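Novice: Sharing a structure below in structure tokens format, with a few things to ask.
The values are calculated or read from the model by the stated rules, or taken from the named source; none is laboratory data. Everything quoted here is computed from the prediction, not taken from an experiment. We place every Cβ from the backbone using ideal geometry, glycine too, and count neighbours over all the protein chains shown. Just so you know, the surface numbers come from the protein's heavy atoms only, side chains and all, with ligands and any DNA or RNA stripped out. Shrake-Rupley method; radii C 1.70, N 1.55, O 1.52, S 1.80 Å.
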Amino acid sequence: MSSIILIEDEAAISDTLRFALEREGFAVSCYTLAREGEAAIQAQKPDLLILDIGLPDDSGLEVLKRLRRHSELPVLLLTARSEEFDRILGLELGADDYVLKPFSPREVAARVKAILKRSSPAIPQAIMGFLSTAKSISG
Ligand code: CA
């Protein structure tokens, strides 16, 4: 099971997302403050981070900047529709993708799955290749 840390200060958004992601089989831990979330990343070593840009104690972009100094953890940014500059900056700072608010929880879950697929190690893909080759030989 993949684990996700969600840093988002709006309870309605965070509850909705947690529900949608848990239904897809992810383990989700939610935090409302940047510093809590950063501590949790160190402690839990999650598979993916969902990061709101507008947090009460810091900008999500600053969190991302600090994270990228030492970690390749996949990051999906949540951002308000008006913050175009922030979105571009977010991608430049190393975010893997972003979603504009308001969003559908299913869209977020789909993007999370796509990022995890891209960032998963090469070995499972090699096994998949072997299996499809074996299948075509036997079939
Ligand atoms: Ca926010």
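Novice: I'm checking my understanding of the structure. Among residues of segment 46-90 that are open to solvent by less than 60 Å² (accessible area, probe 1.4 Å), small (Gly, Ala, Ser) and not in a helix (DSSP H, G or I), which one is farthest from residue 11 (Cα to Cα)?
Specialist: Per the criteria, the residue is 71.
Novice: Of the residues 55, 33, which is more than 21 Å from residue 111 (Cβ to Cβ) and aliphatic (A, V, I, L, M)?
Specialist: Result of the check over 55, 33: 33.
Novice: Which ones in segment 20-45 are open to solvent by less than 40 Å² (accessible area, probe 1.4 Å) and touching a residue at least 40 places away in the same chain (Cβ under 8 Å)?
Specialist: 20, 21, 26
Novice: Among the residues that make up segment 98-111, is at least one of them over 16 Å from the mean Cα position of the chain (by Cα) and away from the ligand (no atom under 16 Å from the Cβ)?
Specialist: Within segment 98-111, not a single residue is over 16 Å from the mean Cα position of the chain (by Cα) and away from the ligand (no atom under 16 Å from the Cβ).
Novice: What number of residues in segment 12-48 are within 15 Å of the ligand (Cβ to nearest atom) and either hydroxyl-bearing (Ser, Thr, Tyr) or touching a strand residue (DSSP E or B) at 6+ places or on another chain (Cβ under 9 Å) (or both)?
Specialist: 12
Novice: Next up: Is there a residue in segment 76-87 that is under 21 Å from residue 119 (Cβ atoms), modelled with pLDDT of 95 or more and more than 16 Å from the ligand (Cβ to nearest atom)?
Specialist: Checked segment 76-87: no residue is under 21 Å from residue 119 (Cβ atoms), modelled with pLDDT of 95 or more and more than 16 Å from the ligand (Cβ to nearest atom).
Novice: Under 6 Å by Cβ, and 6 or more places apart or on different chains, what pairs join a residue from segment 114-127 that is farther than 16 Å from residue 72 by Cα and part of a helix (DSSP H, G or I) with one that is at pLDDT below 80 and open to solvent by 90 Å² or more (accessible area, probe 1.4 Å)?
Specialist: From residues that are farther than 16 Å from residue 72 by Cα and part of a helix (DSSP H, G or I), there are no pairs.
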